[in-house]
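Asks: The structure that follows is given in the form of structure tokens.
The values are calculated or read from the model by the stated rules, or taken from the named source; none is laboratory data. Treat the numbers as computed from the prediction; the structure is a model and nothing was measured. Please note: Cβ atoms are built from the backbone with ideal geometry, for glycine as well, and neighbour counts cover all protein chains shown.
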Amino acid sequence: MPVTDNIDELADFILGQVEYVEKDVPAQFSKLVSEIQLELNSAFNDGTLKEQSGNLRRSIKVILSGYELSISMLAYGYFQSFGVNGTKKGGAMGLPPEVASSFGVSEGYRYQFKSKVISEESGLPYPVRKKIAEFGIKPKNFYPSDIEDKIIEILEK
């Protein structure tokens, strides 16, 4: 079969792919943004996270700009999700690549209290007591860890 015999089929296939990328992918990404926002907020609804001020909950934003998805929240939200090793005891989870790069550290980095005295710059909304600094903060693990897989799944369709 000469190449010219299937040009129309090839053109239809390419146009179908372009249409999917232009119409369906943005719709799927928008849906994913909503799902991630709900997943992050569910940590407050199911009791995983408790806070008095509501500042952390209000700060959680999932934003889609073109094909770029970003998640932001107050810094202590990441400390709550991934935990912080204390000066005497560990337990923090390693950061996934997208979070680590936002903080300028490498993948797998674990937050660590380096001193029993915590400065205002820690980003925590309350004074850190000596006991918390010594034993750390247990991870609440509410940050979704499968975002990259979900994006790949959308793009592979």
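Asks: If the Cβ limit is 7 Å and pairs must be 6+ apart or interchain, which residue in the stretch 43-59 that is over 16 Å from Asn141 (Cα atoms) pairs with which residue that is among the small types (Gly, Ala, Ser)?
Replies: Listed by first residue and then by second, the contacts come to Ser59/Gly77.
Asks: Could you tell me whether the stretch 56-65 includes any residue that is among the charged types (D, E, K, R), out of contact with any strand residue (DSSP E or B) (no Cβ under 6 Å at 6 or more places or on another chain) and not in a loop (DSSP other than H, G, I, E, B)?
Replies: Within the stretch 56-65 (the criterion being among the charged types (D, E, K, R), out of contact with any strand residue (DSSP E or B) (no Cβ under 6 Å at 6 or more places or on another chain) and not in a loop (DSSP other than H, G, I, E, B)), the answer is yes, since at least one residue qualifies.
Asks: Could you tell me which residue of the stretch 129-157 is nearest to Ser30 (Cα to Cα), considering only residues that are assigned to a loop (DSSP other than H, G, I, E, B) and touching a Ser or Thr at 6+ places or on another chain (Cβ under 7 Å)?
Replies: Looking at residues that are assigned to a loop (DSSP other than H, G, I, E, B) and touching a Ser or Thr at 6+ places or on another chain (Cβ under 7 Å), I get Tyr143.
Asks: Out of the stretch 72-101, which residues are loosely packed, with under 14 Cβ neighbours inside 10 Å and either part of a helix (DSSP H, G or I) or of a type in the set (A, V, I, L, M, F, W, C) (or both)?
Replies: Of everything in the stretch 72-101, those that are loosely packed, with under 14 Cβ neighbours inside 10 Å and either part of a helix (DSSP H, G or I) or of a type in the set (A, V, I, L, M, F, W, C) (or both) turn out to be Pro97, Ser101.
Asks: Could you go through the stretch 103-119 and let me know if any residue there is polar (S, T, N, Q), modelled with pLDDT of 85 or more and out of contact with any Gly (no Cβ under 6 Å at 6 or more places or on another chain).
Replies: Taking every residue of the stretch 103-119 in turn, at least one turns out to be polar (S, T, N, Q), modelled with pLDDT of 85 or more and out of contact with any Gly (no Cβ under 6 Å at 6 or more places or on another chain).
Asks: If Ile36 satisfies every condition in (1) buried (at least 18 other Cβ atoms within 10 Å of the Cβ); (2) within 26 Å of Ala133 (Cβ to Cβ) but one, which is the exception?
Replies: Only one criterion in (1) buried (at least 18 other Cβ atoms within 10 Å of the Cβ); (2) within 26 Å of Ala133 (Cβ to Cβ) is unmet by Ile36, namely (2).
Asks: Which numbered condition in (1) of a type in the set (S, T, N, Q); (2) farther than 23 Å from Ala133 by Cα; (3) not in a helix (DSSP H, G or I) is the only one that Ser53 fails?
Replies: Against the list (1) of a type in the set (S, T, N, Q); (2) farther than 23 Å from Ala133 by Cα; (3) not in a helix (DSSP H, G or I), Ser53 comes up short only on (2).
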